[in-house]
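Below is one structure; the comments refer to it alone.
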Amino acid sequence: MYDYIIVGAGSAGCVLANRLSADSTKRVALIEAGPKDKSPLIHMPLGIALLAKSKKLNWAFETEPQEHLNGRRLFWPRGKTLGGSSSINAMVYIRGHQADYDYWASQASSDVWGWDRMQALFKRMEDNHRFGVTEHHGQGGELSVSELKTVNPLSRDFVRAGGEFQIPYNGDFNGDSQEGLGLYQVTQKDGRRWSSAQAFLRGAEKRSNLEILADARVTRVVIDDKTATGVTLRQGTEYRQLRLNPGGEVILSGGAVNSPQLLLLSGIGDARALTKKGIPVVHHLPEVGKNMADHLDITLMHAANSRQPIGVAPSFLPRALGGLYAYLFHRRGFLTSNVAESGGFVKSTPDRDRPNVQFHFLPTYLRDHGRKISLGYGYTLHICDLLPKSRGYIGLKSPDPMDDPLIEPNYLSDPEDLETMIAAFKIGRRILDAPAMAAHSKYEVQPGKTVQSHDDIVAFIRENAETIYHPVGTCRMGADEGSVVDPELRVRGIARLRVVDASIMPRLVAGNTNAPTMAIAENASEIILGRVRVLDVSRIDADKRPVRRAS
């Protein structure tokens with residue numbers, strides 16, 4: 001019997017487990033489908049290059065064939081270990097734009113989800129090694145945010161090339177302005193990955209009232225009379241059930257894919273779709289799984305004319321051995337690289353009111369999410385549309401909880417998204433052609449200089465665009481009756497059940513989603529513990545919603 005059952009030990013779940021188990025009178029269960037985060041590939045930052053191949057630490061999902069991407073199925077890596085995707089991601093620390101959270105507040109009819117509140121939470125959670133305590137940053141929190149220990153010269157030259165193309169330098173993407181190019185800050189500590197598990201679970205896992213169940217797959221939320229009473233799970237070949245104490249809660253933190261899947265398996269979703277899959281309808285909630293948004297990404301690649309990049313070649317062996325020594329004994333060197341060392345934010349067209357394109361520059365080749373080895377020395381530029389209008393959904397392939405869910409992102413279904421990608425592609429190419437980067441180039445590998453016309457660029461995007469791993473929105477939060485969860489993240493129509501993860505975002509943030517997901521959990525824990533009250537707006541007309549201050 002537990003007071004809180006948290007399903008998913010990812011970016012959000014680890015924060016919740018820490019905060020909710022701080023009260024020693026409350027018993028907390030944290031359930032993770034994957035193993036404990038013991039792999040050295042997790043903790044050594046450059047290990048990210050191999051984590052995409054791991055089927056033990058990675059859900060390794062695939063989408064449905066994408067109509068607007070030449071019918072291709074896209075690979076969707078998601079973390080499957082303590083720390084979730086924060087244990088396999090590129091560690092880039094980005095909060096998003098203030099306007100993102102102002103929109104959340106408008107949807108929640110409460111500034112509990114507005115920028116002022118969320119920025120305060122970001123600062124409270126943060127331990128920023130460079131900026132310390134400032135208007136925009138905090139120090140002393142559990143989440144270590146630092147500069148990269150070692151930066152490849154090409155990453156700095158990418159930033160210089162932006163300046164040659166009239167793109168300003170930005171030394172802090174989480175400061176006064178998001179626009180510009182610069183080096184990313186990362187969630188690392190002493191040259192090692194600082195995942196949500198490292199930050200929030202390590203200090204809490206020894207508490208006697210917190211039970212962590214790894215390698216345990218939740219198959220259903222148990223619901224009696226429209227009230228969550230526990231969960232069923234499979235651990236190995238055995239099935240068991242965890243029950244709630246009176247007044248306890250089940251909290252889904254499986255992310256934008258697994259949380260809606262579990263709601264659907266539990267009979268919460270669109271009644272017609274559930275009936276077709278043979279799942280008894282517990283509660284008709286049509287938006288479960290809908291409203292999914294993701295950042296679609298296209299890459300440019302160049303062969304380098306030197307051995308400065310990180311490469312796979314016999315000539316790299318001495319440097320690799322030196323890098324291993326530097327990492328093991330000094331926590332420095334290229335093995336501390338997050339690979340995506342520099343980048344930034346630009347507008348696809350001058351008339352935009354804020355940046356809508358993000359770059360991630362990698363001083364190495366990266367093909368097929370790192371699943372294909374590219375020999376030699378080169379560099380890669382990732383270019384993504386931050387504010388896509390296309391929307392997709394998560395559904396069920398079958399009623400078997402062991403099956404992967406149906407993933408339909410519906411990329412480029414809105415024609416405006418394609419126009420943004422074309423404009424962003426051209427900007428990225430011009431940066432790589434600027435003198436500071438052209439000095440490193442032997443030739444353009446992808447797409448190659450023969451791709452110049454509008455039609456050629458469109459064809460290249462449709463054949464090569466991929467996710468950059470930021471799906472959200474499938475359990476949308478809102479004050480309206482149609483939303484999946486209310487502003488306190490309670491599932492509508494079901495008592496004692498909440499969703500706390502990236503799936504509740506009403507709209508995708510303009511940036512990487514890891515830090516915002518942790519902040520969502522921090523805010524949710526305050527709400528659950530009664531430290532913040534949100535106005536109950538479930539019966540208020542959406543056109544007449546009041547905006548209340550957090551108390």
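General observations
- Shown here for segment 419-505: trypsin sites (Lys or Arg not before Pro) in loop regions (DSSP other than H, G, I, E, B) with at most 13 other Cβ atoms within 10 Å, namely LYS449.
- Taking 0.36 nm per residue of separation and subtracting the current Cα-Cα distance, fully stretching the chain between HIS330 and GLU67 would add 89.8 nm.
- In this structure, the pairs whose alpha-carbon distance is over 32 Å, taken from LYS276/LYS389; LYS36/LYS426; LYS38/LYS277; LYS56/LYS426; LYS38/LYS226, are LYS36/LYS426; LYS38/LYS277; LYS56/LYS426; LYS38/LYS226.
- FRET efficiency for GLU463 and GLN308, using Cβ-Cβ distance with R0 set to 30 Å, rounded to 0.05: 0.50
- Extended-chain gain in nm, criterion 0.36 nm per residue less alpha-carbon gap, ARG319 and THR134: 62.8 nm
- Between segment 337-414 and segment 223-277, the alpha-carbon center distance in angstrom: 30 Å
- Contact order for segment 302-404, expressed relative to its length and based on alpha carbon pairs under 8 Å spaced 6+ residues apart, stands at 29 percent.
- Hits among aspartates and glutamates - C-alpha to C-alpha of LYS397 under 15 Å, sequence gap 8 or more where chains match: GLU62, GLU64, ASP270, GLU408
- Among the listed values (i) 25.9, 80; (ii) 24.4, 84; (iii) 22.6, 68, the one matching Rg and Dmax of the Cα atoms in Å as calculated from this structure is (iii).
- Backbone geometry of segment 443-455 corresponds, through the Karplus equation with coefficients 6.51, -1.76 and 1.60 at θ = phi - 60°, to 3J(HN,Hα) couplings of 5, 7, 7, 9, x, x, 5, 6, 8, 10, 6, 4, 5 Hz, x marking Gly and Pro.
- Amide H partners (placed H, <5 Å) of VAL288, local residues excluded: ASP270
- Net length available on complete extension from GLN98 to ILE422 is 114.0 nm, with 0.36 nm assigned per residue and the Cα-Cα distance removed.
- Taking amide H positions as modeled 1.01 Å from N, with prolines and chain starts lacking one, the residues under 5 Å from PHE61 and 5 or more places away or on another chain are TRP76, ARG78.
- The chain, relative contact order [Cα under 8 Å, separation at least 6], %: 22 percent
- Spin-label model, LYS449/SER208: points 7 Å from Cα along the beta carbon direction are separated by 7.2 nm.
All of the numbers you see were taken from the coordinates with simple rules; none came from a lab. Small disclaimer: the values here were computed from a predicted structure and weren't measured. Note that each Cβ is placed from the backbone with ideal geometry, even for glycine, and that neighbours are counted across all protein chains shown.
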